[in-house]
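Trainee: Below you will find the structure I want to go over with you.
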Amino acid sequence: MKGTHPCADHGLASAAALTLASVPAVALAVPQDEASQNEASPITLDLYNLTDVHGHIQQVAKKGVVREAGLPAMNCYLKKARATNPNSSFTLLGDNIGASPYISGALKDNPTIAALNTMDPLASTIGNHELDMGQAVFKQRVDGSNPSEFVQATFPYLGANIEGMGTYGDGTPYLGDYKVWTSPSGMKVAFIGAIAQDVPYKLSPGTTEGLTFSDPIARINSLAASLKGSGTADVVIAMLDDDVKNNYTKVGKDVDGLMGGDTHVPYEFDHVNSVETFESANPRLAGIASGSYTDNLGLIRLTIDPATRQVTSADSILIPAAEVAQCGADPDTQAIVDKAEADSKEAGKRVVATGYTQPFRRGVFTTPAGATEPGSNRGIESSLGDLVADSLRETILTPDGKSVDIGMINAGGLREDLVPNEDGTITYAQTYEVEPFSNELGYVTLKGSDFKDALEQQWKSDLNSQNSRPMLKLSLSSNVRYTYDPARPDGQRITSVTINGEPLKADGTYTVGSVNFLLDGGDSFEALTRGGATVTNGNLDRDVFNEYLAAHSPTKDRSADAAGGLTPREAKSSIGLTLPTEAVADGSTVTIPLRGLSFSEGPSITTKVRVSAGGPEAVADVDNSLVDAHASDAAAVITTDGAGQASVDVTVVGACEGKAAGEVVNVALTVATDFATVVEATDGLTIPVTCAGTEVPVPAPSPSANADQGAAPGAGAPASTKKPNAGAPRGAIARTGADSRGLPVAFLLAVVGVAALWLRRSQIVTSR
């Protein structure tokens, strides 16, 4: 068993020399001096936290509002908070580095580690992105063995559910299990660090070789019980690099607070004043996730009874970036940011493309509270993903010099929107932020059935072991289209696939070009590995993407169209719809729900959808709302089925001429948006229709025959499968195939016959 990290506790920062702006008091506890520390006075612990910084060290403002506070402002706020309440701590939840903006990523994320060091974190959970550059580099950041290349972290990293990372020096583990902090009040707080089990699926295969990832919740609950049972800790905080919402109900009664991350979604759950509440084993459990970058500072505030050393109240608080920014900037942290700006600025100025006027963006969704974060939706087709997929198809070549059949990219591989500058230029710094991983390009050769299985694997059924999002969308080159049925079971949702307008051949072979991370099975796309090892070409994704953008840059000598005319794609590659599985009556109307009709960002947001199934075209409005109350769980809609929803009533008309009654024919379906036909009749999507049959008139039997045989008029004629004549007036005789004009004659003859029979019987009686 790994022990706690032996690093000494960091001293509390002094605020005496700082001239700070006033900070709103909502998040600051009342100071507790020695005089007030008695059995009658409760203890307030303020446990601050950040998650998923990803190298976002600078302050970012949009339209005059601070959206990312930046690390200098965060440190200023934390020093003010510690001075106000010495019983305050600060921890990190992982993904501090990796997938970083150019200012940090171009400098190997050294500025981020250096800036975080100035903030005196007690500890940090390891995130999957800490391993982006491999285990060896991570270890050098921890043990300081390569100072010329990597800044050493002065805080310990934790990963209680990871085995195999090893130790350094005198036996210090690279990953501790927990960190115990004794607050000035005397309360002992244990911070347990753990990470989701799906890390091997988020990184390039081989990155986690030799490491074992166990169930983080089981490990946290076991350690929490042991730490409290032994008296090692009075309070236990779980620092889990995973979704808070999915895990809040799973942590045990000995856990007093849950800090989470990874999803980039801010959460605050408790039993005090949260918008959403969930059941928990600990009735006072506080759950928090700050979000991402520095958009919020997370705070768990615990009130402790000093006599019992028990938590009496727990509150989760999100402190927005704009509020944090009011504090100003810590000078030590700001100096590091300023140097990083200067060191990275010159190289990042290089223009890689010109003449671009429209942005290419990642997918988004909106929370019920109205928050919409750029790139927050990885379960949706995006204009940026489509652009990159098209670039991969064009630039990745097979040995015969031909482009690959399919270009493909994962949404998580794109970390920033591509927004051209006002002068139409795109710089190296901008494309670096779009593709910060420096993945190698290559291709695999797959059977059509394997490619279809890869599309099925976009839906992630297990959100706790292999995936933290319900869907990870693949962006595909424009020559690929497919449809899916969200109502079908897992593994059976793909209903049609076309390549270059032709149906996918299950036993055919196709070359798929992408980054090595994805082709090697990253993001749990196992089907992409069935063609054998990836054939790499030694080129990096960002470098080739820059060449692609340059090749399609409009110039004075050639028009945008001639240069390629790169603009956001109009036609969606993937459309969701649910069709009837049972045959419907010819001419009947069916309701077809559709999903994924629009992009989540402009300009290709459709307002109308047109559907035809053999009959007249049906038109319906498209709901482009992006609100998704379940974005991170299995009940997600926008993050699994796509933006742009509609329900269309379509009249289905089969080609039933000459068909017998009951014969079933298939009617092809077409779907068109404002911009293009997105489902063609040749795609193979059909609705089964039961034909009514051709009506053949049957001659009426003779009246005498009916009278002699006692049969009703028209007996022996086949029953019609058609409905009563809709045009007949109420009370009219239904069409049977007989001529109704013979009825009066038959009735008269019957009356005459009855009279004759009565007269004959009378004569017989008289003669007796």
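Trainee: Can you pull out every residue in the range 258-294 that is buried (at least 24 other Cβ atoms within 10 Å of the Cβ), acidic (Asp, Glu) and modelled with pLDDT of 90 or more?
Mentor: If the condition is that a residue be buried (at least 24 other Cβ atoms within 10 Å of the Cβ), acidic (Asp, Glu) and modelled with pLDDT of 90 or more, then Asp262 is the only one that fits.
Trainee: Another question, then. Taking the range 343-360, which residues are surrounded by fewer than 23 Cβ atoms within 10 Å (Cβ to Cβ), at pLDDT 90 or above and of a type outside the set (Ser, Thr, Tyr)?
Mentor: Residues satisfying the conditions are Asp343, Gly348, Lys349, Arg350, Val351, Val352, Gly355, Gln358, Pro359.
Trainee: Being modelled with pLDDT of 95 or more and buried (at least 22 other Cβ atoms within 10 Å of the Cβ) is true for just one of Ala322, Ala340. Which residue is that?
Mentor: One residue alone meets the criteria, Ala340.
Trainee: Which of the residues that make up the range 192-216 are among the β-branched types (Val, Ile, Thr) and either under 14 Å from Thr125 (Cα atoms) or not assigned by TED's automatic domain parsing to the domain that holds Gly260 (or both)?
Mentor: Ile192, Ile195, Val199
Trainee: For the condition in a helix (DSSP H, G or I), touching a residue at least 24 places away in the same chain (Cβ under 8 Å) and touching a Leu at 6+ places or on another chain (Cβ under 9 Å), what is the one hit in Asn221, Asn246?
Mentor: On inspection, the qualifying residue turns out to be Asn246.
Trainee: Need pairs with beta-carbon distance below 9 Å; first residue in contact (Cβ under 8 Å) with a residue 12 or more places away in the chain and on the phi > 0 side of the Ramachandran plot and within the range 338-357, second outside any helix (DSSP H, G or I) and of a type in the set (S, T, N, Q); sequence gap 6+ or separate chains.
Mentor: From the range 338-357, the pairs are Gly355/Thr425; Gly355/Ser553; Gly355/Thr555.
Trainee: Determine whether the range 125-142 contains at least one residue that is β-branched (Val, Ile, Thr) and either under 26 Å from Thr427 (Cβ atoms) or touching a Gly at 6+ places or on another chain (Cβ under 6 Å) (or both).
Mentor: Scanning the range 125-142, I find at least one residue that is β-branched (Val, Ile, Thr) and either under 26 Å from Thr427 (Cβ atoms) or touching a Gly at 6+ places or on another chain (Cβ under 6 Å) (or both), so the answer is yes.
Trainee: For the range 179-216, how many residues are within 26 Å of the chain's Cα centre (by Cα), assigned to a loop (DSSP other than H, G, I, E, B) and of a type in the set (A, V, I, L, M)?
Mentor: 2
Trainee: Residues Val434, Val419: which one is assigned by TED's automatic domain parsing to the domain that holds Asp541, more than 21 Å from Ala631 (Cα to Cα), under 20 Å from the mean Cα position of the chain (by Cα) and not acidic (Asp, Glu)?
Mentor: Val434
Trainee: Please give the strands (runs of 3 or more DSSP E) falling wholly within the range 652-693 in which 1 or more residues are in contact with an Asp or Glu (Cβ under 9 Å, 6 or more places away or on another chain) and buried (at least 17 other Cβ atoms within 10 Å of the Cβ).
Mentor: Once the strands (runs of 3 or more DSSP E) in the range 652-693 are filtered for at least 1 residues that are in contact with an Asp or Glu (Cβ under 9 Å, 6 or more places away or on another chain) and buried (at least 17 other Cβ atoms within 10 Å of the Cβ), what remains is 664-668, 670-672, 686-690.
Trainee: Can you name the condition, by its number, that Asp143 falls short on among (1) under 33 Å from the mean Cα position of the chain (by Cα); (2) of a type in the set (Asp, Glu); (3) over 23 Å from Ser438 (Cβ atoms)?
Mentor: Asp143 satisfies all of (1) under 33 Å from the mean Cα position of the chain (by Cα); (2) of a type in the set (Asp, Glu); (3) over 23 Å from Ser438 (Cβ atoms) except (1).
Trainee: Here's another thing I want to ask about it. On the given criteria, is Ile288 within 27 Å of His129 (Cβ to Cβ), within 22 Å of the chain's Cα centre (by Cα), of a type in the set (Val, Ile, Thr) and not in a loop (DSSP other than H, G, I, E, B)?
Mentor: yes
Trainee: Okay, moving on. What are the residue pairs meeting all of these: first residue in the range 523-538, first residue more than 18 Å from Leu397 (Cα to Cα), second residue basic (Lys, Arg), Cβ atoms under 8 Å, and 6 or more apart or on different chains?
Mentor: Asp523/Lys202; Ser524/Lys460; Arg530/Lys447
Trainee: Further, regarding this structure: Inside the range 64-95, can you point out the residues that are under 24 Å from the mean Cα position of the chain (by Cα), in a loop (DSSP other than H, G, I, E, B) and within 18 Å of Leu299 (Cα to Cα)?
Mentor: Scanning the range 64-95 gives Leu93, Gly94.
Trainee: Could you give every pair whose Cβ atoms fall below 9 Å, whose first residue belongs to the range 116-134 and is in the same structural domain as Val151 (by TED's automatic domain parsing) and closer than 15 Å to Ala196 by Cα, and whose second residue is in a strand (DSSP E or B) and among the polar types (S, T, N, Q), counting only separations of at least 6 or pairs across chains?
Mentor: Note: pairs meeting the criteria are Ser124/Thr91; Thr125/Thr91; Glu130/Ser124.
Trainee: Looking at the range 159-178, which of its residues are within 19 Å of Leu240 (Cα to Cα) and not in a loop (DSSP other than H, G, I, E, B)?
Mentor: Scanning the range 159-178 gives Ile162, Glu163, Pro173, Gly176, Tyr178.
Trainee: Output the residues belonging to the range 606-632 that are within 27 Å of the chain's Cα centre (by Cα), buried (at least 16 other Cβ atoms within 10 Å of the Cβ) and either in a loop (DSSP other than H, G, I, E, B) or at pLDDT below 95 (or both).
Mentor: Thr606, Val622, Asn624, Leu626, Asp628, Ala631, Ser632
Trainee: A further question on this structure: So which of Tyr201, Tyr174 ends up being free of Cβ contacts under 8 Å to residues at least 60 places away in the same chain and among the aromatic types (Phe, Trp, Tyr)?
Mentor: Tyr174
Trainee: Within the range 205-228, does at least one residue satisfy the condition of being touching a strand residue (DSSP E or B) at 6+ places or on another chain (Cβ under 6 Å) and among the small types (Gly, Ala, Ser)?
Mentor: The answer is yes, given that some residue of the range 205-228 is touching a strand residue (DSSP E or B) at 6+ places or on another chain (Cβ under 6 Å) and among the small types (Gly, Ala, Ser).
Trainee: Among the listed residues Val189, Val244, Val255, identify the single one that is assigned by TED's automatic domain parsing to the domain that holds Thr154, crowded, with 22+ Cβ neighbours inside 10 Å and in contact with a Gly (Cβ under 7 Å, 6 or more places away or on another chain).
Mentor: Val244
Trainee: Exactly one condition in (1) modelled with pLDDT of 95 or more; (2) touching a strand residue (DSSP E or B) at 6+ places or on another chain (Cβ under 8 Å); (3) within 18 Å of Asn96 (Cα to Cα) is false for Glu149; which is it?
Mentor: (2)
The values are calculated or read from the model by the stated rules, or taken from the named source; none is laboratory data. Keep in mind it's a predicted model, so treat the numbers as computed, not measured. Here Cβ is always computed from backbone atoms with ideal geometry, including for glycine, and neighbour counts include all displayed protein chains.
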